[in-house]
Amino acid sequence: MRSAAVGIVLGMVLISALAGCGSSVVDQPSLVPSASPRANDPCAAIPTIDPANPPDTLGLTGDPTLEAEFPAEIDDQTVTDVSSARWIEALCDMGGPASVDAAARNLPSGLDQSAMSVGSAAATVDGKPVTIVAFRLPGHRGDELLGAVGDLSAAIFPDAPKFNTALTVTTAAGKSVSRWTNPADGTDSYLYASGDTLWTVDSIDQSQADKIFAALP
């Protein structure tokens, strides 16, 4: 059993990094079993949680390979709260089977969300806190997820669209990255594909992006 801290971190990642909702919290009961069981229901053993009041333990399946990709330090500061889970588990925790179904409908052909994992970590860059999110899909390239990241966020919060306008190709730390500007508040998100992983970081400027992506593989 992985600790409740994993659920808290991943829950807040899905709220802030994927949906762009700041510190909003999903308005759900603290522990709600998935709705009526279905054949092969991926959420059958995973309860929906309120990330503001999670249970003491959650049966989340970590991805040690993904966690090992997070750097130990960024900008001479220790990277903390590294955690991961299967993407399906994160969907079930936050939205139940409906979120799983929504994500499956929107993912490009050939991308199997049941094989995907999601991870997050906290860092301080230029004196400001940032959250780094990573999606890993073994057997695929990280840039294959680039066109799907908007649909991944919509699966959790359909009313808070993100990555739904054009991405701008740019550079950070000499690496090719994509930048998305949120029309709602003008903040920039940066996305970077490396190997089988797509990294995303919200609400950062160019200086922070340079330091973060310099530390990533």
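The values are calculated or read from the model by the stated rules, or taken from the named source; none is laboratory data. Owing to the predicted nature of the structure, the values given are computational and were not obtained by experimental measurement. Note: ideal-geometry Cβ built from the backbone for every residue, glycine included; neighbour counts use all protein chains shown.
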Across region 161-188, what is the total count of residues that are modelled with pLDDT of 95 or more and among the small types (Gly, Ala, Ser)? 5
Matching entry among 39, 19 (being modelled with pLDDT under 60, in contact with a Phe, Trp or Tyr (Cβ under 7 Å, 6 or more places away or on another chain) and of a type in the set (A, V, I, L, M)): 19
Look through region 85-132, keep the residues that are modelled with pLDDT under 90 and among the polar types (S, T, N, Q), and return whichever of them is surrounded by the fewest Cβ atoms within 10 Å (Cβ to Cβ). 109
Only one of these conditions is not met by residue 184: (1) outside any helix (DSSP H, G or I); (2) of a type in the set (Gly, Ala, Ser); (3) under 27 Å from residue 60 (Cα atoms). Which number is it? (3)
State whether the residues of region 78-92 include one that is more than 17 Å from the chain's Cα centre (by Cα) and more than 21 Å from residue 148 (Cα to Cα). yes
For residue 139, the lone unmet condition from (1) surrounded by fewer than 21 Cβ atoms within 10 Å (Cβ to Cβ); (2) on the phi < 0 side of the Ramachandran plot; (3) modelled with pLDDT under 95 is (2)
Pair list, Cβ < 8 Å and 6+ apart or interchain, from region 98-109 residues that are at negative phi to residues that are β-branched (Val, Ile, Thr) and in a helix (DSSP H, G or I): 99/156; 100/88
Could you please find all residues in region 42-84 being at pLDDT below 80, part of a loop (DSSP other than H, G, I, E, B), out of contact with any Lys or Arg (no Cβ under 9 Å at 6 or more places or on another chain) and not hydrophobic (A, V, I, L, M, F, W, C)? 42, 47, 50, 51, 53, 54, 55, 56
